[in-house]
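K.L.:
Take this structure first; my questions come after.
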Amino acid sequence: MIDNDFLRTLSTKAATLLPLANEAKEKAERELFDLLHSALKPLNLVSRDEFLAQTQLLARAQTRLTELERRLEALEAGKNP
C-alpha cells in the first residue's frame, strides 16, 4: 500500500514545479518566436491581409484596363463606345 504522506509530499513537490514548467514554456515560446522572426525578416514577406488587398487592387485594375482597351478599340474602329 502507498503511504499517504509520500503521496502528499510528492503532490506538493509536483505542484511547486508547475509554475516553473509554465515559465519555461512561455520562455521557449518567446525564444522560438524571436528566432523565427529573425530568420524570416530578411525574406521581406507580406502579411496575408496585405496580399489579399493587393490582389483585389490588381483585379480592379485588370477590369478597368480591359474596359479601357475595349473603348480604345471601338474608338479606333470609328465607333462610339
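K.L.:
Counting other Cβ atoms within 10 Å of each Cβ, which trypsin sites (Lys or Arg not before Pro) in segment 12-81 have at most 12 and sit in a DSSP loop?
P.N.:
Lys79
K.L.:
Would you mind checking the tilt of helix 4-40 against the longest principal axis of the Cα atoms of the chain, expressed as 0 to 90 degrees and rounded to 10?
P.N.:
With both axes taken from Cα atoms, the answer is about 30 degrees.
K.L.:
Still on this model: In the set (1) 12.8; (2) 19.5; (3) 18.8, which value of Kirkwood radius over Cα pairs in Å was calculated from the structure you see?
P.N.:
(2)
K.L.:
Let me ask something additional. Return an integer: the convex hull volume of the alpha-carbon atoms of segment 1-44, in Å³ per residue.
P.N.:
Per-residue hull volume (Cα only) is 57 Å³.
K.L.:
Which net charge results for the neighbourhood of Ser38, defined as the other residues with beta-carbon distances under 13 angstrom from its beta-carbon, given Lys and Arg at +1 and Asp and Glu at -1?
P.N.:
For residues surrounding Ser38, the net value is 0.
Each value in this text was obtained by applying a stated rule to the coordinates, not by laboratory testing. Keep in mind it's a predicted model, so treat the numbers as computed, not measured. Cβ sites come from the backbone with ideal geometry, for glycine too, and all protein chains shown count toward neighbours.
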